[in-house]
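Asks: Dropping the structure in here first, questions after.
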Amino acid sequence: MKKKYVIWVILFLVGCTAPDIIILNKFPEGKTILLTMLNGIDKVQEINHNSFRLMPNSIVSLKFIETTQNTIQFELIPESTGKIEFFLYTTSYNFPETTPIKFELSDSGYSITNKNQLIAQSDTISLSPNKKKVIKLQKDASLLKISINCDVIYINNIFLNATEYLIIRTDEKLSAVIQGIDYLNNFWKKLKKISSVSLIRNRARR
């Protein structure tokens, strides 16, 4: 209880003093996200507590409070043609030339790179203006699972310590809305699964 109180005090102070930070998902409790504008406050427009608009040439960092290994889900609605990139990071400002994981989606297809090495590419999934894409990024141990609507891409041997941050970058043409952001700590999901299995076994023993 004390820890949650401290977190809310920090969020309140951040919201009052930092014009380049937007607090998303203040409720429900445990789903809070800090959105930091990395290249100008005019590049992002807050729509409501769970959605925002990215302008062309914008870079933002999403920090998922109290989690490290995440399953992240959101809806992407492009408002023009162009390209958007998603980077999974352990730390907010760790943005080197050699990126751990980059997922790129554009009007000509998608690509996924690991440390600047291309590991997946196709033109079968692409962006179209005003056509919504439901995107889910799931990092579990060394497996990365990327879902785009009903299409699922599995990538093995991805050794990334955490997915505490998601950095998003648009090119000079694309503007887009991101909405319905939700995330789950994979650790708790596993714990619940283990607890359920233990409960079933205990009942069976009786």
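The rows are residues; the columns are (1) surrounded by fewer than 14 Cβ atoms within 10 Å (Cβ to Cβ); (2) modelled with pLDDT under 95.
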residue: F74; (1), (2): no, no
residue: I84; (1), (2): no, no
residue: F87; (1), (2): no, yes
residue: S92; (1), (2): no, yes
residue: Y110; (1), (2): no, no
residue: A120; (1), (2): no, yes
residue: Q138; (1), (2): no, yes
residue: S142; (1), (2): yes, yes
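Asks: Being under 12 Å from the mean Cα position of the chain (by Cα) and crowded, with 17+ Cβ neighbours inside 10 Å is the filter here, so list the residues in region 170-183 that pass it.
Replies: Answer for region 170-183, where residues must be under 12 Å from the mean Cα position of the chain (by Cα) and crowded, with 17+ Cβ neighbours inside 10 Å: I178, I181, Y183.
Asks: Let me ask you something else. Name the pairs: first residue in region 73-101 and on the phi > 0 side of the Ramachandran plot, second residue at pLDDT 60 or above and outside any strand (DSSP E or B), Cβ to Cβ under 6 Å, at least 6 apart or on different chains?
Replies: So the pair list comes out as G82/D171; G82/K173; G82/L174.
The values are calculated or read from the model by the stated rules, or taken from the named source; none is laboratory data. Everything quoted here is computed from the prediction, not taken from an experiment. Note: ideal-geometry Cβ built from the backbone for every residue, glycine included; neighbour counts use all protein chains shown.
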